[in-house]
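The values are calculated or read from the model by the stated rules, or taken from the named source; none is laboratory data. Being a predicted model, the structure only gives us computed values, none of them experimental. No Cβ is skipped: glycine too gets one built from the backbone with ideal geometry, and neighbour counts run over all protein chains shown.
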Amino acid sequence: MKNAKILAALLGSICLFAGVAQAADTANTPRNSRLDDQTQLPKAPAKPVSQQYFQPPADTDIPNNAFGELVRRGQDLFMNTKALAPEYVGNEMNCVNCHIDRGRKANSAPLWAAYPMYPAYRKKNNKVNTYVERMQGCFQFSMNGKPPAADSEILTALTTYAYWLSTGAPTGKALPGRGFDEPPPPKGGYDIARGKAVYEKQCQLCHGENGEGKKVGVTSVFPALWGKDSYNWGAGMHRINTAAGFIQHNMPLGRGETLSDQEAWDVAAYINSHERPQDPRLINGSIDETRKRYHADDGVNLYGVVVNGKKLGQGVQ
């Protein structure tokens with residue numbers, strides 16, 4: 001079991017993100033502005049060529065005291081969320097699946113760039129959120145589960161880990177590498193059929209022909225990209241523009257920055273053209289009402305849109 005957890009921690013971040021052509025409605029949108037639109041945070045600046053990204057402390061710098069024990073506990077939870085907090089995780093995801101290299105990697109929504117920017121407004125719930133509330137949203141949407149209590153040991157440990165990773169980072173200042181830095185929409189829009197070809201060539205080996213991911217025994221080592229074990233329709237990654245940014249910078253693992261803007265948008269559209277768990281904010285059982293309230297102005301997404309003759313957003317159990 002221990003070896004399976006270690007394998008999951010090492011490999012879980014490897015391959016996550018790592019048809020009619022559809023015109024994107026954001027042809028003139030600058031990089032990353034959609035993320036800013038969701039949070040009202042200052043746009044993350046581009047990294048000067050001569051400058052390195054912020055460097056978080058190394059594991060060897062974790063102190064050998066009570067604080068350090070909680071940092072390590074938070075790191076363990078971050079790497080093995082499903083195994084260590086199963087009552088709060090409804091799919092097969094771990095925090096590290098979207099925040100590569102234990103939350104350290106630039107342009108993978110690193111914790112060192114996120115923690116110092118909260119409290120911040122979020123359009124998702126139309127209020128100013130604390131960092132703890134932001135994490136609760138991850139459990140509810142990205143992990144298709146239920147949020148731990150704000151004062152729970154789980155969120156205290158995860159917050160402590162994020163605080164420690166941001167040691168030396170300026171408070172309230174947007175750092176290069178924050179978020180996913182979305183590529184601009186291709187002039188001709190995205191193409192789901194073209195995205196399928198990219199998926200088959202670049203993603204299928206790890207994530208499966210049907211996006212189901214890969215397991216060793218009962219342990220997920222490559223996360224599902226759609227279906228019952230993936231993120232739900234309320235997760236930020238269901239936005240094609242957000243997924244395109246993550247994919248372009250981080251996937252395939254070890255070969256990030258190799259997909260073109262077009263390829264990133266196409267494969268993100270293909271992935272997000274499949275069913276996944278329902279948005280927990282579903283209004284009166286109505287996909288149309290839910291789209292109008294939560295999705296119509298939420299970046300570029302396919303919730304409530306008819307694709308290949310089927311209206312997406314039905315959800316899966």
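Points to keep in mind about this one:
- Thr160 vs. criteria surrounded by fewer than 20 Cβ atoms within 10 Å (Cβ to Cβ), among the polar types (S, T, N, Q) and in a loop (DSSP other than H, G, I, E, B): no
- Asn144 falls short on exactly one of the conditions (1) of a type in the set (S, T, N, Q); (2) modelled with pLDDT of 95 or more; (3) in a loop (DSSP other than H, G, I, E, B); (4) surrounded by fewer than 20 Cβ atoms within 10 Å (Cβ to Cβ), and that condition is (4).
- Subset of segment 119-148 (residues that are of a type in the set (Lys, Arg) and over 17 Å from Tyr161 (Cβ atoms)): Arg122, Lys123, Lys124, Lys127, Lys146
- Restricting the first member to segment 210-227 and to residues that are on the phi > 0 side of the Ramachandran plot, and the second to residues that are of a type in the set (Phe, Trp, Tyr) and modelled with pLDDT of 95 or more, the beta-carbon pairs closer than 7 Å and six or more apart or on different chains are Gly211/Trp226.
- Within segment 92-132, tally of residues that are crowded, with 22+ Cβ neighbours inside 10 Å and among the polar types (S, T, N, Q): 4
- For first residues located in segment 273-302 and closer than 24 Å to Asp191 by Cα and at pLDDT 95 or above, partners that are of a type in the set (D, E, K, R) and not in a loop (DSSP other than H, G, I, E, B) and lie 6+ apart or on another chain with Cβ distances below 6 Å form the pairs Gly299/Arg34.
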